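Report on the structure given below.
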2 protein chains.
Amino acid sequence: MQTADRTPRPWQKLGSRPGPDLKLFTVRHDRLRNPRNGLDLERVVLESVDWVNVVALTPAREVVLVRQYRFGTGRVTTEVPGGMVDPGESPEAAARRELQEETGYTGDTWTPLGSVEPNPAFLDNRCHHFLVENARPTVRPDLGAGEDIGLLLCDAAGLQAEIAAGRLRHALALSALSRVFDLWGVGTGGARERIPNR
Amino acid sequence: MQTADRTPRPWQKLGSRPGPDLKLFTVRHDRLRNPRNGLDLERVVLESVDWVNVVALTPAREVVLVRQYRFGTGRVTTEVPGGMVDPGESPEAAARRELQEETGYTGDTWTPLGSVEPNPAFLDNRCHHFLVENARPTVRPDLGAGEDIGLLLCDAAGLQAEIAAGRLRHALALSALSRVFDLWGVGTGGARERIPNR
């Protein structure tokens, strides 16, 4: 059931001027008119390629996690493998590539888990989630010059421990994992896998 | 259970230079040394205040959602109420204020639902989630000049419909909601509330 008061209208875009190129993003300044009061405002938009991340399950149903130093928070985090979609690349191809490059794992059953908007207030992109099953270490990881990545295999209890320890707080990693594990179940004794075995 | 190969080390920060002030963020360029290969790299960090958002449940256990035009994606979205933590303000005070300003609702039982890192790769902040129960419209909404917000009340089925329609894709709104509703349950016939009534 839904009850709505009114549907807000889109804002008219009056103009746009480029901002600095931050490499990770291109900054754009939009001039927009608020339809509620006619006021003109400038708002910043970060133009970004789409992102992907992957819940990779081994044959023993452990999830393959990556540990790396993150520059935003200045801490070593635990996350699911992922990265940026290259120009002309499909999200699933990017997910396969990132999993292989970061971990050396490849799998044999890929399932799209949907996508989210990382922050529609100022980012224009999506993050696409994937599940891969029967993931095994088959190749050497191929880390970029700007990467230093350790691996962590976790069952549902190990995942819960990593969250409880405050190392797994990345909203997009949790978003992907929450499609496969019931991370926040009340009275279930912790995280548990929810996708049935095939 | 957990199995790790090695723990990556923090990167040494060699220096920092300020970038442009984007209002929503202050840009910082850090120069860092990769401990794996000794290479120096420059990485961008967006310094931001913390954010909050709120799952507000009415006495009838409907969730109070906001609809607004979002500048990043250029579309009208459905989200939970939320915003930025003001200087000196606690996250819970910010959550109470944002709920009241955006919707006119106030509630009587506040529960912290934990926090996430919106993106530790380039953002230094957290987003704090709260639950408030017995939320009722008690005051007039107090929208800022740059806001135009409509309200939507949803039960679990209505929430599911909003997600299925592609209007509720904000990762941080879904992160908050996933603490209260089992959004992705398999074979459960849709979203259902998971927090027990008190």
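The values are calculated or read from the model by the stated rules, or taken from the named source; none is laboratory data. For clarity, every value in this text was computed on a predicted model and none was experimentally measured. When we count neighbours, we look across all protein chains shown, and the Cβ atoms used for this are built from the backbone with ideal geometry, even at glycine. In case anyone asks, the SASA skips ligands and DNA or RNA and just uses the protein heavy atoms, side chains included. Shrake-Rupley method; radii C 1.70, N 1.55, O 1.52, S 1.80 Å.
Of the residues that sit in the range A:1-57 and are among the β-branched types (Val, Ile, Thr) and free of Cβ contacts under 8 Å to residues at least 12 places away in the same chain, which one is farthest from B:Asp142 (Cα to Cα)? Steps first, please.
Within the range A:1-57, the subset among the β-branched types (Val, Ile, Thr) is A:3, A:7, A:26-27, A:44-45, A:49, A:52, A:54-55.
With free of Cβ contacts under 8 Å to residues at least 12 places away in the same chain added as a condition, the list becomes A:3, A:7.
On the way: A:Thr3: 21, A:Thr7: 18 Å.
Filtering first and then ranking leaves A:Thr3.
Tally the residues that are farther than 30 Å from B:Gly38 by Cβ and crowded, with 22+ Cβ neighbours inside 10 Å, restricting the search to the range A:142-155.
We begin by selecting, within the range A:142-155, every residue farther than 30 Å from B:Gly38 by Cβ; these are A:154-155.
This time we only want the ones that are crowded, with 22+ Cβ neighbours inside 10 Å, so: A:154.
Here the count works out to 1.
Looking at the range A:61-81, I want the residues that are free of Cβ contacts under 8 Å to residues at least 60 places away in the same chain and have a partner that is open to solvent by 30 Å² or more (accessible area, probe 1.4 Å) with Cβ atoms under 7 Å, at least 6 apart or on another chain. Which pairs are those?
A:Phe71/B:Arg43; A:Gly72/B:Asp124; A:Thr73/B:Asp124
For the structure I just gave you, tell me whether B:Leu32 is farther than 17 Å from A:Asp124 by Cα, facing chain A (nearest Cβ under 7 Å), open to solvent by 50 Å² or more (accessible area, probe 1.4 Å) and not basic (Lys, Arg). Break it down stepwise before answering.
Details: farther than 17 Å from A:Asp124 by Cα: yes; facing chain A (nearest Cβ under 7 Å): yes; open to solvent by 50 Å² or more (accessible area, probe 1.4 Å): no; not basic (Lys, Arg): yes.
No: the conditions fail for B:Leu32.
Checking the conditions here, which among A:Asp21, A:Asp50, A:Asp5, A:Asp40 is open to solvent by 30 Å² or more (accessible area, probe 1.4 Å), over 17 Å from A:Arg169 (Cα atoms), within 13 Å of another protein chain (Cβ to nearest Cβ) and in contact with a Pro (Cβ under 8 Å, 6 or more places away or on another chain)?
On the way: A:Asp21 fails: in contact with a Pro (Cβ under 8 Å, 6 or more places away or on another chain); A:Asp5 fails: in contact with a Pro (Cβ under 8 Å, 6 or more places away or on another chain); A:Asp40 fails: in contact with a Pro (Cβ under 8 Å, 6 or more places away or on another chain).
One residue alone meets the criteria, A:Asp50.
Within the range B:148-186, which residues are more than 8 Å from chain A (Cβ to nearest Cβ), of a type outside the set (A, V, I, L, M) and part of a loop (DSSP other than H, G, I, E, B)?
B:Gly166, B:Arg167
So, of the residues in the range B:106-121 that are without any contact (Cβ under 8 Å) to a residue 60 or more places away in the chain and of a type in the set (Val, Ile, Thr), which turns out to be surrounded by the most Cβ atoms within 10 Å (Cβ to Cβ)?
B:Val116
Which of the residues that make up the range B:12-34 are outside any strand (DSSP E or B) and in contact with a strand residue (DSSP E or B) (Cβ under 6 Å, 6 or more places away or on another chain)? Write out each step before concluding.
Taking the range B:12-34 first, the residues outside any strand (DSSP E or B) are B:22-25, B:34.
B:Leu22, B:Leu24, B:Phe25, listed by residue number.
Let me spell it out: the conditions are (1) in contact with a helix residue (DSSP H, G or I) (Cβ under 7 Å, 6 or more places away or on another chain); (2) open to solvent by less than 60 Å² (accessible area, probe 1.4 Å), and B:Glu133 meets all of them except one. Which number is the exception?
All conditions are met except number (1).
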